[in-house]
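**Q** Below you'll find the structure I mean.
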Amino acid sequence: MELKLFIAGCILFAVAMIMQLLKKRLKTIKTQKVFKQVYSWVDTAWSALIMASFIMFFFIQAFKIPSGSMRNTLLEGDHLFVNKFIYGFKVPFTSSGKRYFAIRDVKVGDIVVFQCPPEALSVLEREQGVKKDYIKRCVAVGGDKVEIKNKKLFVNEIEVNESYVTFDDHNVLNAFDLFSNNEDYQKSWQNGKLATVPAVFIRDNFGPIVVPQGHYMMLGDNRDFSFDSRFWGPLPDKNVKGKPLFLYWPIKRWRLI
C-alpha cells in the first residue's frame, strides 16, 4: 500500500510538472481558469499521497483483522492503527528487512503485525507473488524451546499461563509420531514443511522444537482455529512490521492495545 501511494504521488507530481510547462500555451481566460482548478487539485494530491506513503512506511499503518485467529482478543473486521517504529525503521525499497533505531525488540506476549512467510501461502499465491499481513501473538523468541502438550503451551519446559487464549474445540487431538527423531521434526518445521501436514497431527500436540535465532514463534489466541507458526514455521525478524497501537473501529470497541 505504501509503495502504491508513493508511485501514485510521483505520477501526479510528474503530471503537475508537465502542466506547468503547458501553462504558457493557454490562450483564453476560461481555459486558464479551468487549468488553475485542475492544477490546484493535482498539486495538493501528489504532496498528500507522498506524505501519506511516508507516514505509513515509517510510523503508522492502518490494518484490518482478516480472520478469527485472534478471537476474542481481536475480532474479524476490527480496524487498528499499527505502530511501525517501535521495532525500528526499515530502509525503503530494500529486501534485507534490517531495521534501525528500534525502541525495543519483539518480546514474548507482544501482538505483532507481520508479513507472512511464503510457506504460509498457497502454491498459487506464491506463483502470483501475493503478499499478506498476519497478526498473531509472540510466544517465544530465538533460542526458546517450545512444546504443546494436550493444548497446553510449554516454553523452556515451563507451562505458560495463557489467560488470553480461547479453545472453541474442547476435544484434544491425539499426538502423532510424524518423524522418527526430533532432528527431522525440527528441520521440517523450520523449513515450513508442516504447513502441508493435516492440522489434526499438530494442533494440540506439537514439538518440541527450538526457535532459531533471529526468529519468533507466533500463535493465534484462538488456538484451535489459527494457521500459525505450528504449521508454517518460525517467523523471520525481517518480516515484522509493527505492534498494534489502538483499535479505532468499531467505535464501541475503541481501546488501546
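For every residue, the table says whether it meets (1) within 14 Å of the chain's Cα centre (by Cα); (2) at pLDDT 95 or above; (3) surrounded by fewer than 21 Cβ atoms within 10 Å (Cβ to Cβ).
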{"position": "M218", "(1), (2), (3)": "yes, yes, no"}
{"position": "R230", "(1), (2), (3)": "no, yes, no"}
{"position": "G233", "(1), (2), (3)": "no, yes, no"}
{"position": "G242", "(1), (2), (3)": "yes, no, no"}
{"position": "L245", "(1), (2), (3)": "yes, no, yes"}
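**Q** Of all residues in region 113-154, how many are assigned to a helix (DSSP H, G or I) and not basic (K, R)?
**A** Qualifying residue count for the region: 7.
Per-residue answers, yes or no, for (1) closer than 30 Å to L245 by Cβ; (2) at pLDDT 90 or above; (3) touching a Cys at 6+ places or on another chain (Cβ under 8 Å):
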{"site": "Q128", "(1), (2), (3)": "no, yes, no"}
{"site": "I135", "(1), (2), (3)": "yes, yes, no"}
{"site": "G142", "(1), (2), (3)": "yes, yes, no"}
{"site": "V155", "(1), (2), (3)": "yes, yes, no"}
{"site": "V160", "(1), (2), (3)": "yes, yes, no"}
{"site": "S163", "(1), (2), (3)": "yes, yes, no"}
{"site": "F167", "(1), (2), (3)": "yes, yes, no"}
{"site": "N171", "(1), (2), (3)": "no, no, no"}
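**Q** Please go through region 155-175 and pick out each residue that is among the polar types (S, T, N, Q), part of a loop (DSSP other than H, G, I, E, B) and on the phi < 0 side of the Ramachandran plot.
**A** The answer is N161, S163, N171, N174.
**Q** If I filter region 82-91 down to residues being touching a Phe, Trp or Tyr at 6+ places or on another chain (Cβ under 9 Å) and either modelled with pLDDT under 90 or among the β-branched types (V, I, T) (or both), which single residue comes out as farthest from K107 (Cα to Cα)?
**A** Once the filter is applied, the top-ranked residue is V91.
**Q** What single numbered condition from (1) surrounded by 14 or more Cβ atoms within 10 Å (Cβ to Cβ); (2) without any contact (Cβ under 8 Å) to a residue 60 or more places away in the chain fails to hold for S226?
**A** (2)
**Q** Next up: Which of the residues belonging to region 188-214 are outside any loop (DSSP other than H, G, I, E, B) and within 24 Å of the chain's Cα centre (by Cα)?
**A** Correct list: S188, W189, Q190, K193, L194, A195, T196, A199, F206, I209, V210.
**Q** Still on this model: Any residue at all in region 180-187 that is within 26 Å of P244 (Cα to Cα) and among the basic types (K, R)?
**A** For region 180-187, residues within 26 Å of P244 (Cα to Cα) and among the basic types (K, R): absent.
**Q** Related question: Out of everything in region 186-216 that is under 20 Å from P236 (Cβ atoms) and either in contact with a Leu (Cβ under 7 Å, 6 or more places away or on another chain) or not assigned by TED's automatic domain parsing to the domain that holds R126 (or both), what residue ends up being surrounded by the most Cβ atoms within 10 Å (Cβ to Cβ)?
**A** Y216
**Q** Determine whether G143 is more than 23 Å from E76 (Cβ to Cβ) and either free of Cβ contacts under 8 Å to residues at least 12 places away in the same chain or outside the structural domain of K238 (by TED's automatic domain parsing) (or both).
**A** For G143, the condition - more than 23 Å from E76 (Cβ to Cβ) and either free of Cβ contacts under 8 Å to residues at least 12 places away in the same chain or outside the structural domain of K238 (by TED's automatic domain parsing) (or both) - is not met.
**Q** Okay, moving on. Which residue pairs have Cβ atoms closer than 6 Å, lie 6 or more positions apart in sequence or on different chains, and pair a first residue in region 111-131 that is within 15 Å of W232 (Cα to Cα) and in contact (Cβ under 8 Å) with a residue 12 or more places away in the chain with a second residue that is of a type in the set (A, V, I, L, M) and in a helix (DSSP H, G or I)?
**A** Pairs that qualify, where the first residue is within 15 Å of W232 (Cα to Cα) and in contact (Cβ under 8 Å) with a residue 12 or more places away in the chain and the partner is of a type in the set (A, V, I, L, M) and in a helix (DSSP H, G or I), are E119/A195.
**Q** Could I ask something else about it? Let me spell it out: the conditions are (1) closer than 19 Å to Q115 by Cα; (2) modelled with pLDDT of 90 or more, and T73 meets all of them except one. Which number is the exception?
**A** With (1) closer than 19 Å to Q115 by Cα; (2) modelled with pLDDT of 90 or more applied to T73, the lone miss is (1).
The values are calculated or read from the model by the stated rules, or taken from the named source; none is laboratory data. Please read these numbers as outputs of a predicted model, since none were measured by experiment. All Cβ positions, glycine included, derive from the backbone under ideal geometry; neighbour counts span all protein chains shown.
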